[in-house]
Amino acid sequence: MGDFREEQIWREARLLTAALHQLTEAFPAELASRIRSACISLLDSLARSADLSLSRQTSGSTRKVSRLAEQLDAEIHEAYERGLMERSSFSSLEKETELLRQLLKRESTTQP
């Protein structure tokens with residue numbers, strides 16, 4: 001296995017994290033903190049999952065990453081529902097989170 005940072009799922013998660021970090025600068029502190037924390041947890045779990053796959057991938061790590069992606073998606077929806085982002089930003093973020101979910105599904109079906 002190569003460098004996990006070259007994997008598409010990692011690159012997409014980093015792009016989403018960067019976009020959300022910038023967008024949340026204008027959010028209420030509590031919501032911004034939850035979104036940023038979810039982003040960091042997602043990236044951390046992806047990195048740990050890659051480390052585990054060097055020896056043996058666990059379904060638990062994949063489930064954790066999936067739960068974190070779902071949590072992040074819920075936080076994005078909350079921000080939109082509270083009127084903190086425009087429809088275009090929300091649509092773009094929704095596409096990114098959907099791509100992450102698809103990549104996670106693909107990854108979980110290709111694991112030994």
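If we scan the range 61-82, do we find a residue that is among the polar types (S, T, N, Q), surrounded by 13 or more Cβ atoms within 10 Å (Cβ to Cβ), modelled with pLDDT under 90 and in a loop (DSSP other than H, G, I, E, B)? Looking through the range 61-82, none of the residues is among the polar types (S, T, N, Q), surrounded by 13 or more Cβ atoms within 10 Å (Cβ to Cβ), modelled with pLDDT under 90 and in a loop (DSSP other than H, G, I, E, B).
Which residues, counting only those in the range 21-60, are modelled with pLDDT under 85, part of a loop (DSSP other than H, G, I, E, B) and either buried (at least 17 other Cβ atoms within 10 Å of the Cβ) or of a type in the set (Phe, Trp, Tyr) (or both)? Within the range 21-60, just GLN57 meets the criteria.
Taking residues in the range 94-112 that are at positive phi and assigned to a helix (DSSP H, G or I), and partners anywhere that are surrounded by 14 or more Cβ atoms within 10 Å (Cβ to Cβ) and at pLDDT below 85, not one pair has Cβ atoms closer than 8 Å while being at least 6 places apart or on different chains.
The values are calculated or read from the model by the stated rules, or taken from the named source; none is laboratory data. Note that the structure is a prediction, hence the values are computed from the model and not measured. Cβ sites come from the backbone with ideal geometry, for glycine too, and all protein chains shown count toward neighbours.
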